[in-house]
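> Mind looking over this structure? Questions follow.
The values are calculated or read from the model by the stated rules, or taken from the named source; none is laboratory data. Just so it is clear, the structure is predicted and the values come from calculations on it, not from any experiment. Positions of Cβ are backbone-derived with ideal geometry, glycine not excepted, and every protein chain shown enters the neighbour counts. Surface areas here come from the heavy atoms of the whole protein model, side chains and all, with no ligands, DNA or RNA. Shrake-Rupley method; radii C 1.70, N 1.55, O 1.52, S 1.80 Å.
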Amino acid sequence: MEDGGLEGRLVDELSGDSLWSHTQALSSWQRLSGTADEGEAAAYIAHTLESSGVSVRIHRFPSLLGYPGPASLRVTHPEQRDIPCITHGFGGRTPPGGLEGEIAYVGAGSAGDLRGRDLAGRILVAQGLPMGFKVKLAEEAGARAEIFIQDDRLHEICLSPVWGTPTPSSARTLPVNPCISIRREDGLYLQGLMEAGPVGVALSAEPLLEWRETPLVEGEVRGGGGDEYVMLSAHICSWYHGATDNATSDSAILEIARVLAKHRGHLQRGLRVFFWPGHSQGRFAGSAWYADNFWEDIYHNCALHINVETLGVKGASVYRVPCMAETADLAVDTFRRIVGSDPEVTPMGRAADQSFWGIGVPSLFTSVAQVPPELMTDMGSALFQAPGAPARPPRGGMPWWWHTPEDTLDKVDREALHGKTRVYLLAALRACLSPVLPLNYGNVGDQWLHTLTGLQEGAGDAFDLSPLMERARQLKDRAARLHGIAETVRGTPGAGDASGAAADINRCLMKLGRCLIPVYYTASGPFDQDPATPHPPLPGLQGVKSLGKLAPESDDRRFLSTELVRQRNRAAHALAQAIEALDETLLRVG
């Protein structure tokens, strides 16, 4: 990074040796959530933070966690053969002695694959990674169990479709059926048998589901702007030793916290670092717990969430930057300054402890580098595709050792770990050092217009979204004006004065996020979590594309129309609140 200023000097203080030392230490433990190894790793992280002058709190709370357990699969007809298999956390258990039945191949196991078929009492065989929503589809079709054909290795998966700890209503969506996975060669063997006639199998599955206490490490470096802070987070738990997923990311946060703590006198706002438990075995239980129990503090004070995931992966050469529209400028410029090239910008996906959208917290990053197809697990990108969406050609994704015992220290590229950690450090520095938050809501106006235009085209004459599109144009215009003023204020000496224009602009930017993000990214809103499945933007309005296909006088059309009017009101209100906040701020600073 060629920058002689403060940012450049601080980025150059990042220690590659410390990153490697922390990664070696953290990947020495098998950090399953709720185990002694996770506790040892948490203690190491807390001690390291305290040694760097970071204030530390450790939160301990019960989490519902799912672990794999004993499993067996045996072909009983037309021949006999044992097939190696694994269970998955949050899958159902077979009755004592297991169960037997005839298998049926159902492709990818999607709703379309199951529709119109008599599958009652069958054991379904599906292609790809096991997913909770596919298990539920199979249950609804009357199946007794599911067998998923993975690739040449078996990857551990959490089957819960619930984001965090279940509630009484969401607990009903947890899988009931037993679910196991087999390797590709064994899947081909089963498919070959089925082509010749009926195939019977006997299977058993005994996954473990338990409440266990988990440790969440929180560190804080106070800034000069009161209680306002930037959240920097990664998950502490892993499958097996989890060197690239996620010891490298935890190490990066330890180093970033050390650098910012050393220079805390320059910070306009604080930095809080979080190491989430329950990510791998509890479906983001740790970050969801924090969102629930510190809701008001997050709402009033958290300016931005930077998430760190799978850093320093050997062979990673496909660069994608996940971000929201409002954080895209920061993400791209940060990456460009460190790496020297423009990355591909991708929409922020619902994964990696993104538990704060309902509260309205802007977010950027998870993993910024992926391995090319020759190093990928065959299903390395399928996990994050929306149900029913067309398959994307794999350009990059997760490595073949993802969620396997082979995610060990030899899979870490020391140079790449150091280089990509600099990207995250620079982003954190800019968010903490800048008197005005580096957020651009003019981009959000464009984003809403683009999404609404697509929805209106899908709706045709069946539903009118033009009032929302007009408000999105107003949002874009006013936000662009505010962004221009913010750029001027950012370069003005003394702009960090809490009583000045910077403070007015920051309050407005925070308000915009609280209004717009919950509507654009969530269906549940501020006080609940959506299911842990990918979904499209403006999820409450997606039904407009189906409205015109329903009979005009039918109950279904009238029910859906009522829902869509309410969702349109929700979106209109959010846009109106954002426009009002912009107008008030422009009057003061414009």
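> Normalised by the number of residues in segment 324-378, what is the relative contact order in percent for Cα pairs under 8 Å and 6+ residues apart?
In percent, rounded to a whole number, it is 40.
> If you don't mind, another one. May I ask you to evaluate 6.51 cos²θ - 1.76 cosθ + 1.60, the Karplus curve with θ = phi - 60°, for each residue of segment 140-149 and list the ³J(HN,Hα) values in order in whole Hz, giving x for glycine and proline?
Listing the rounded values in order: 5, 7, x, 5, 9, 6, 9, 10, 9, 8 Hz.
> A further question follows. Go through 10-17, 241-248, 118-125, 82-89 and give me the packing order, highest mean Cβ count within 10 Å leading.
241-248, 82-89, 118-125, 10-17
> Does anyone have the angle between helix 442-459 and the longest principal axis of the chain? Alpha-carbon axes, 0 to 90°, nearest 10?
40
> Then there is this: In the chain, what percent of the accessible surface is made up of carbon and sulfur (1.4 Å probe, ligands and nucleic acids excluded)?
Looking at the chain in its full context, I get 50 percent from C and S.
> Calculate how steeply helix 501-521 sits against the longest principal axis of the alpha-carbon atoms of the chain, using the helix alpha-carbon long axis, and give the answer as 0 to 90 degrees to the nearest 10.
That helix lies at roughly 20 degrees to the long axis.
> Still on this structure, please answer the following. From Cα pairs below 8 angstrom and at least 6 apart in sequence, can you work out the relative contact order of the chain, rounded to a whole percent?
16
> Given K314/K420; K134/K549; K262/K314, which pairs have Cα atoms separated by over 23 Å?
In this structure, K134/K549; K262/K314 exceed 23 Å between Cα atoms.
> Okay, moving on. Tally Lys/Arg at +1 and Asp/Glu at -1 over every other residue whose Cβ is under 14 Å from the Cβ of G419; what's the total?
+2
> Order the peptides 195-202, 220-227 from the highest to the lowest mean number of other Cβ atoms within 10 Å of their residues.
Highest to lowest by the protection proxy: 220-227, 195-202.
> Using alpha carbons only, how many angstrom separate the centre of segment 3-56 from the centre of segment 62-123?
40
> Quick one: what are the phi-derived ³J(HN,Hα) couplings along segment 358-363, Karplus 6.51/-1.76/1.60 with θ = phi - 60°, whole Hz, x for glycine and proline?
Residue by residue, segment 358-363 yields x, 6, x, 8, x, 9 Hz.
> Also, I was wondering about something else. Rounded to the nearest 20 debye, what is the charge dipole size of the chain about its Cα centre when +1 sits on each Lys and Arg Cβ and -1 on each Asp and Glu Cβ?
840
> So which lysines pass the test for K476, namely a Cα distance under 16 Å, with those fewer than 8 places away in the same chain ruled out?
K476 reaches K511.
> Of T214, I182, L203, which is farthest along the charge dipole of segment 140-251 in the positive direction, counting Lys and Arg as +1 and Asp and Glu as -1 at C-beta?
Among T214, I182, L203, the one farthest towards the positive end of the dipole of segment 140-251 is L203.
> Grab the DSSP H runs of the chain that are 4 residues or longer, score each as -39,500 (n - 2.57), total them, divide by all residues and round the 222 nm result to the nearest 500 deg cm²/dmol.
-12500 deg cm²/dmol
> On to the next question. Give me the dipole magnitude in Debye, nearest 20, for segment 275-332 about the Cα centre, with unit charges on the beta carbon: positive for Lys and Arg, negative for Asp and Glu.
Computed charge dipole of segment 275-332: roughly 400 debye.
> Which whole-Hz ³J(HN,Hα) couplings does segment 415-432 yield from phi under the Karplus relation 6.51 cos²θ - 1.76 cosθ + 1.60, θ = phi - 60°, glycine and proline marked x?
5, 5, 4, 5, x, 6, 5, 4, 4, 5, 4, 5, 4, 5, 4, 5, 5, 8
> Let me ask something else about it. With angles folded into 0 to 90 degrees, how steeply does helix 466-490 sit against the dominant principal axis of the chain? Use alpha carbons for both and round to 10.
Tilt relative to the chain: about 50 degrees.
> Can you tell me the accessible area per residue over segment 174-279, all protein chains present, probe 1.4 angstrom, in square angstrom?
Value for segment 174-279: 29 Å² per residue.
> Give the peptides 340-346, 577-583 in descending order of average Cβ contacts within 10 Å, highest first.
So the peptides 340-346, 577-583, ranked by packing, come out 577-583, 340-346.
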